[in-house]
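Remarks on the structure that follows.
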Amino acid sequence: QKLPDGSRVWLNAGSKLTFSKDFGKSIREVTLVGEAFFDVVKNPEKPFVIHTSTIDVKVLGTQFNVKSYPSDKTTETSLLRGSVEVVVKNRPNEKYVLKPNEKLVVLNEQVKKPAPTAAGSGRLLNKDNIIAIKNLTYQQGDTSDIESAWIRNKLSVKDMPFVEFAKVMERWYDVRFEFRNKKQEEAFITGSFDNETLSQALEALQFSFAFNYEINDKTVTVY
């Protein structure tokens, strides 16, 4: 999708991007629900702003990915090159500037106690919303980051709970997952899929840990 200013946007499945007819007159503003990769034309006189339910992202000209699905636990902004400034909506006085190869992760639901610092969580952690700046993720031997793998028609994941990866697969394959076993939900997934069918992807995941599944129409039951 090409915007009126020449910027390009790639929308992932189940995503929607809207902007007004005044786009570009004084400021370039869009609203995103879901996930999109942006290649923004540089124009310091007219900043480009992406609004989501959790964060606002301001840029001048750069390549980056924003993921803000309502059903996901977190909202992420991943920067490939250039610079972006992120404001978390319930902390409007604080701005977070990302460097290339970094991503900002924000918990969509506010928590009341400080979050424990996870191993490798990055250079920043905030206790009111989990606000962590991390490095982009790469599979071993791969020079392409996982966060924007989807625009290359690749489904890629590293150390993600199966229940979270199931949401990604639901959008990718247009299906719905049901888990019958809590243990299966919490199993961590690592893998990369290019042109695999749903059955092929699930069969590949079975090499990581033991689980059974059934596909009935558009429902995948894991047990």
Which members of the stretch 169-194 meet the condition of being over 20 Å from the mean Cα position of the chain (by Cα), open to solvent by 70 Å² or more (accessible area, probe 1.4 Å) and touching a residue at least 40 places away in the same chain (Cβ under 8 Å)? Arg180
Residue, farthest from Ser148 (Cα to Cα), within the stretch 35-60, restricted to residues that are without any contact (Cβ under 8 Å) to a residue 24 or more places away in the chain and of a type outside the set (Lys, Arg): Glu45
Scan the stretch 133-140 and tell me whether some residue there is modelled with pLDDT under 85, open to solvent by 40 Å² or more (accessible area, probe 1.4 Å) and part of a loop (DSSP other than H, G, I, E, B). yes
Confirm whether Phe211 is farther than 27 Å from Gln63 by Cβ, surrounded by 12 or more Cβ atoms within 10 Å (Cβ to Cβ) and at pLDDT 95 or above. no
So, Ser144, is that one without any contact (Cβ under 8 Å) to a residue 60 or more places away in the chain and either open to solvent by less than 40 Å² (accessible area, probe 1.4 Å) or of a type in the set (S, T, N, Q) (or both) or not? yes
Could you check how many residues of the stretch 147-158 are surrounded by fewer than 18 Cβ atoms within 10 Å (Cβ to Cβ) and either modelled with pLDDT under 90 or basic (Lys, Arg) (or both)? 4
Every residue from the stretch 55-80 that is outside any strand (DSSP E or B), crowded, with 17+ Cβ neighbours inside 10 Å and among the polar types (S, T, N, Q): Thr62
Taking the stated definitions as given, is Phe165 surrounded by 14 or more Cβ atoms within 10 Å (Cβ to Cβ), at pLDDT 90 or above and not in a loop (DSSP other than H, G, I, E, B)? yes
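The values are calculated or read from the model by the stated rules, or taken from the named source; none is laboratory data. The model shown is predicted, which means the values in this text are computed figures rather than measured ones. Ideal geometry is used to build each Cβ from the backbone, glycine not excepted, and the neighbour counts take in all protein chains shown. All accessible areas refer to the heavy atoms of the entire protein, side chains included, with ligands and DNA or RNA removed. Shrake-Rupley method; radii C 1.70, N 1.55, O 1.52, S 1.80 Å.
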